[in-house]
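The values are calculated or read from the model by the stated rules, or taken from the named source; none is laboratory data. Everything numeric here is computed off the predicted structure, so don't read it as measured data. Glycine also receives a Cβ, built like all others from the backbone with ideal geometry; neighbour counts cover every protein chain displayed.
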Amino acid sequence: MNSALYVSDTKLKIFLVDDHSFILEGLKALIGAQPDMDVVGEAENGEMAVREVADCLPDVVVMDVSMPRMGGMLATTQILKSCPNVKVLALSMHEDTTYLRALLEAGASGYVLKRSASQELIQALRHVAAGAIYVDPAIASKVTAAFVGTPSLRGEAAGMSLSEREEAVIRIVAQGYTNREIAERLDLSVKTVETYRARAMEKLSLTSRADLVRYAAARDWLGDN
């Protein structure tokens, strides 16, 4: 199941992946009604998505998590390996933070629950397309709760606090920006940004992108601009 449409260069190009046709139709109607978005293609499983996304190179892929043949996690990994500039927004029925963590580890830039209001998805698409990380507010509190008591919080309580520059860098990293983009925003060299980032991650005992996003969510940093 695939469709390709004419798209204005000024609009966000969205690709949809879900194994339920009624969900795809609903998403197409919702996104098609937005003046700044167009649906450029769709797929009913991960295998098809990997092939089609490489052909049309959308701005954002809305990825169902649970699908036959190839699930959303593996599809996300393969898409980002071949198309690193594409953003992936996971759309899931699962509220367990295990799924959120796994999708972030795979490289997804956002996670929205299927039960959330339609406007939540639209907001998430715009955030992700702009380079930010987006976590559904309905699950954000669980992300925070899951983080409480982890080594990074204990390390901070023991006095391993961040410097002003380290915090500034880590906040922007958590929102999905690259080291070069952060360097431009903070008027620093890329090497200096890398140093601040590594130092902050070490102080907080963070070892992965998912850890960093959970840390940022616990402090309401993900909505910062």
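What the table shows:
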item: Selection within region 70-122 - crowded, with 19+ Cβ neighbours inside 10 Å, within 19 Å of Phe22 (Cα to Cα) and touching a residue at least 60 places away in the same chain (Cβ under 8 Å); result: Leu91, Leu121
item: Answer from Ala168, Ala158 - the residue that is outside the structural domain of Leu100 (by TED's automatic domain parsing) and modelled with pLDDT under 80; result: Ala158
item: Complete set of residues in region 76-132 that are over 24 Å from Ala33 (Cα atoms), polar (S, T, N, Q) and modelled with pLDDT of 90 or more; result: Thr76, Thr77, Gln78, Ser82, Asn85
item: Region 37-69 - residue that is touching a residue at least 60 places away in the same chain (Cβ under 8 Å) and surrounded by fewer than 22 Cβ atoms within 10 Å (Cβ to Cβ) and, of those, nearest to Ile122 (Cα to Cα); result: Met37
item: Filter result (among the hydroxyl-bearing types (Ser, Thr, Tyr) and within 23 Å of Leu125 (Cα to Cα)) within region 173-194; result: Tyr177, Thr178
item: Residues of region 53-66 that turn out to be in a helix (DSSP H, G or I) and either outside the structural domain of Arg126 (by TED's automatic domain parsing) or within 10 Å of Ile79 (Cβ to Cβ) (or both), as a count; result: 2
